[in-house]
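Read-outs throughout are calculated quantities, based only on the coordinates presented, and are distinct from any laboratory measurement. Predicted, not measured: the structure shown is a model, and the values here were computed from it. Positions of Cβ are backbone-derived with ideal geometry, glycine not excepted, and every protein chain shown enters the neighbour counts.
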Amino acid sequence: MNKTYISKEILILTAKEIVAQSSIQALNMREVAQRCGIAVGSIYNYFPSKEDFIIATIESIWQEIMHDLTNCSLSLNFAENVFLLFNNIHKGCQKYPSFFQLHSMSLNNLDKNKGRQAMQQYFNTIKALLLKNLEKDPDVRENVFCNEFTKPDFVDFIFSNILTLLMNEEQSCDFLLQIIKHIIYK
């Protein structure tokens with residue numbers, strides 16, 4: 001009997017191929033199993049539920065998109081890191097069509113709490129990296145931030161605008177970068 005070697009990583013890579021070729025909505029357990037040459041039930045040896053499998057796939061795509069940003073370069077200023085973040089996510093959206101627009105809907109169709117927690121965890125990680133970069137940026141004007149205009153609130157505002165630009169399929173974040181430069185730099 002010919003046994004197929006399978007692992008979590010192979011299952012997720014196969015799922016990511018499907019998402020890249022079609023979309024996150026095209027992802028289903030049967031096609032993954034078929035491409036891997038295994039029975040659908042074998043996937044459950046690695047993931048307790050369909051939701052966990054889809055969330056793991058989405059997390060892996062986010063990790064791929066964000067791999068260059070995990071150490072938010074301290075040699076770059078805040079605006080440059082915002083540019084880098086936007087471009088990384090934009091490139092990821094080109095590789096994984098409709099991923100950015102549809103992954104939150106896919107998560108909402110699953111276990112809402114698990115999906116929201118996974119997405120929020122990624123967004124919080126990104127915002128924490130941006131905040132760290134903002135705090136280390138020597139070019140930020142003195143006294144620009146105060147109790148009513150905090151660094152975390154500014155990062156939330158910038159991140160929300162990045163998400164809006166991406167949801168609207170904008171090709172550039174140039175206007176947002178100009179806003180940042182006018183607000184925080186000398």
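A straight chain from Gln171 to Asp139 at 0.36 nm per residue would run longer than the Cα-Cα distance by 8.8 nm. Between Lys95 and Ile183, the contour length at 0.36 nm per residue exceeds the alpha carbon distance by 28.4 nm. Ranked for footprinting exposure by Cβ neighbours inside 10 Å, fewest first, Glu9, Glu64 give Glu9, Glu64.
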